[in-house]
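Student: Next up is a structure, given as structure tokens.
Read-outs throughout are calculated quantities, based only on the coordinates presented, and are distinct from any laboratory measurement. This is a predicted model, so every value here is computed, not measured. Note: ideal-geometry Cβ built from the backbone for every residue, glycine included; neighbour counts use all protein chains shown.
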Amino acid sequence: MEKIDFVISWVDSDDLEWQKKKQAYSGEKITNSSNGAERFRDYGTLRYLLRSIDMYAKWVHHIYLVTDNQRPRWLDDKSDRLTVIDHQDIIPNKALPTFNSSAIELCLDNIPGLSEHFVYFNDDFLINRQVTPNDFFKNGLPCDYRIYSRLIPNSDFDHILLNDTACINRWLQGKTKTLKGMFTQSYGLRGNIKNILQLILNGGKVSHYALYHNAYSLTKTEFRQVKTLWNSIIEHTIMQQFRTKDDVNIYLLRYYRLELGKFSPRTPNFDAYYTLNDMQSLTNELDKPKHYLICVNDANTIDYANKKSSLVKTLNKKFSEQSSFER
């Protein structure tokens with residue numbers, strides 16, 4: 001297996017200079033929920049993500065931390081396993097500054113020195129059990145699952161998901177490219193039934209895909225192919241400083257891969273999603289891991305300050321040893 005890099009996006013929302021810059025460019029553009037405070041809030045998980053990598057994925061070739069001219073105070077500047085990448089290193093100058101995570105993610109393939117195979121993490125993701133390269137790539141193919149579902153829009157972000165799916169349907173032109181990866185034991189009975197219904201009811205058109213909010217296995221080849229097929233709408237997204245309803249996002253790469261069958265099927269139970277409101281369930285997961293990857297999201301948090309404090313205590317218990325990336 002070729003080398004695999006990890007890429008992490010992070011922003012320090014408490015940085016006063018960053019706050020001033022965001023305010024200067026925001027205007028009326030951040031009135032929808034896709035650009036609310038939760039989209040930028042840092043609640044201390046990056047330190048523990050890096051500790052989890054040290055504990056459970058020592059085999060990673062290199063780590064790239066993508067930021068907006070920022071750096072965690074506790075980060076070791078001399079680490080030869082981690083490189084801080086500034087937005088200006090990968091995003092066109094005419095699109096900067098940007099506060100649009102969709103735009104940032106669509107430029108990750110521009111990271112200098114990035115390997116062909118890499119895994120992309122948000123800073124609120126954690127590795128919860130020992131993982132191997134084959135958990136992310138098999139025979140050079142990203143590990144993923146192709147399970148169809150319905151999209152019932154109820155948020156501003158869902159507009160972006162609709163745009164991604166519309167791109168796929170225009171490309172497919174009502175004809176499925178391949179059935180590869182649609183039916184496997186790893187999907188379980190429910191997942192396979194959903195896929196059968198997709199074939200019967202939708203007549204070659206995609207309604208939506210079962211999503212997972214966790215680390216994505218990606219290749220630079222996928223980026224090149226998708227940017228060729230959908231260059232105009234991707235360029236439009238990259239130029240938006242804040243999320244808009246006209247954007248597409250990195251999920252488009254995943255949908256394209258799934259429809260081509262260029263992935264290695266993996267169980268949907270590989271990862272789990274929690275919010276800060278699920279502290280007891282999260283604590284149980286950390287104590288007795290059931291999933292390899294977990295997300296700790298702060299969406300719609302009740303009593304945020306106390307939940308954040310409780311989270312840090314819980315994570316510090318699980319990942320108590322300082323990582324090689326800390327001073």
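Student: What would the Debye formula give as log10 I(q)/I(0) at q = 0.14, 0.20, 0.25, 0.28 Å⁻¹ for the alpha-carbon point model of the range 116-173, no solvent?
Tutor: -0.68, -1.05, -1.08, -1.12
Student: Using θ = phi - 60° and the Karplus relation 6.51 cos²θ - 1.76 cosθ + 1.60, list the HN-Hα couplings for the range 85-102 in order, rounded to whole Hz, with x at every Gly or Pro.
Tutor: Each residue's phi maps through the Karplus curve to give 10, 7, 3, 5, 6, 10, 10, x, 4, 5, 9, 9, x, 10, 10, 9, 4, 5 Hz.
Student: Can you give the extra length, in nm with one decimal, that the chain gains between Glu235 and Asp86 once fully stretched, where that is 0.36 nm per residue apart less the Cα-Cα distance? List each step's numbers first, then the result.
Tutor: Values: separation 149, 0.36 × 149 = 53.64 nm, distance 1.94 nm.
Extending this stretch completely gives an extra 51.7 nm.
Student: What is the Cα coordinate range of the range 39-177 on the first, second and third principal axes, sorted by size from largest, in whole angstrom?
Tutor: Projected onto its principal axes, the Cα set of the range 39-177 covers 52, 38, 30 Å.
Student: List the residues, sorted by chain then number, that are 5 or more residues from Ser115 or on another chain and whose placed amide H is less than 5 Å from its amide H.
Tutor: For Ser115, whose amide H was placed from the backbone, the distant partners under 5 Å are Asp5.
Student: Placing +1 on the Cβ of each Lys and Arg and -1 on the Cβ of each Asp and Glu in the range 4-318, which of Tyr25, Leu46, Ser217 has its Cα farthest towards the positive end of the resulting dipole?
Tutor: Ser217
Student: For the chain, what does the helix formula give at 222 nm: sum of -39500 (n - 2.57) over DSSP H segments with n ≥ 4, over the residue count, nearest 500 deg cm²/dmol?
Tutor: Computed mean residue ellipticity for the chain: -10000 deg cm²/dmol.
Student: Quote the Stokes-Einstein diffusion coefficient, in whole µm² s⁻¹, for the range 173-273, based on the Kirkwood radius over alpha carbon pairs, a temperature of 25 °C and a viscosity of 0.890 mPa s. Write down the numbers at each step before the final one.
Tutor: Details: Rh = 15.4 Å.
Reported coefficient: 160 µm²/s.
Student: Now a separate question. From the phi angles alone, apply the Karplus equation (6.51, -1.76, 1.60; θ = phi - 60°) to the range 271-280 and give each ³J(HN,Hα) in whole Hz, x where the residue is Gly or Pro.
Tutor: 10, 9, 10, 10, 10, 4, 6, 9, 4, 5
Student: Just to confirm a number: summing +1 for Lys and Arg and -1 for Asp and Glu over residues other than Tyr187 whose beta-carbon lies under 12 angstrom from that of Tyr187, what do you get?
Tutor: +3
Student: Next up: Given a Förster radius of 22 Å and the C-beta distance between His213 and Ile152 as r, what FRET efficiency does 1/(1 + (r/R0)^6) yield to the nearest 0.05?
Tutor: That gives a FRET efficiency of 0.85.
Student: Sticking with this structure for a sec: In Å, the Kirkwood hydrodynamic radius of the range 242-291 over pairs of distinct alpha carbons?
Tutor: 14.2
Student: Find out how many positive minus negative residues lie around Ser9, taking Lys and Arg as positive, Asp and Glu as negative, among other residues whose Cβ is under 11 Å from that of Ser9.
Tutor: My count for the surroundings of Ser9 gives -4.
Student: If packing is taken as the average count of other Cβ atoms within 10 Å, what order do 160-168, 314-322 fall into, highest mean first?
Tutor: Most protected by this proxy first, the peptides run 160-168, 314-322.
Student: Right, here's the next one. If you build a Gaussian network model of the chain, linking Cα atoms that sit under 10 Å apart, which residue out of Gly140, Gly44, Gly203 swings the most?
Tutor: Answer for the Gaussian network model of the chain: Gly203.
Student: Computed from the coordinates I sent, Rg and Dmax of the Cα atoms in Å equals one of [x] 24.1, 86; [y] 19.4, 57; [z] 17.8, 52. Tell me the label.
Tutor: This structure yields the entry labelled [y].
Student: Give the peptides 148-154, 70-76, 100-106 in descending order of average Cβ contacts within 10 Å, highest first.
Tutor: 100-106, 70-76, 148-154
Student: Give me the log10 of I(q) over I(0) for the range 274-327 at q = 0.18, 0.22, 0.28 Å⁻¹, as the Debye formula computes it from C-alpha points; what are the numbers?
Tutor: Taking Cα atoms of the range 274-327 as identical point scatterers yields -0.63, -0.88, -1.16.
Student: Which cross-chain or sequence-distant (5 or more) residues have an amide H under 5 Å from the amide H of Thr275, H modelled 1.01 Å from N in plane?
Tutor: Long-range HN contacts for Thr275: Asn297.
Student: Leu260 label point, 7 Å along Cα→Cβ, cut-off 14 Å on backbone N: hits in the range 86-122?
Tutor: Counting only backbone N, you get 117.
Student: Another question, then. Step through the residues of the range 120-125 one at a time and calculate ³J(HN,Hα) from phi using the Karplus curve (6.51 cos²θ - 1.76 cosθ + 1.60, θ = phi - 60°), rounding each to whole Hz and writing x for Gly and Pro.
Tutor: For the range 120-125, the Karplus curve yields 9, 10, 7, 6, 9, 9 Hz.
Student: Near Phe137, within a Cβ-to-Cβ distance under 15 Å, what is the net charge of the other residues, with Lys and Arg +1 and Asp and Glu -1?
Tutor: Net charge around Phe137: +1.
Student: Here's something else I'd like to know. Skipping prolines and chain starts, which residues have an amide H placed within reach, meaning under 5 Å, of the one on Glu326, given they are 5 or more residues away or on another chain?
Tutor: Close amide H contacts, sequence-distant or interchain: Asp76.
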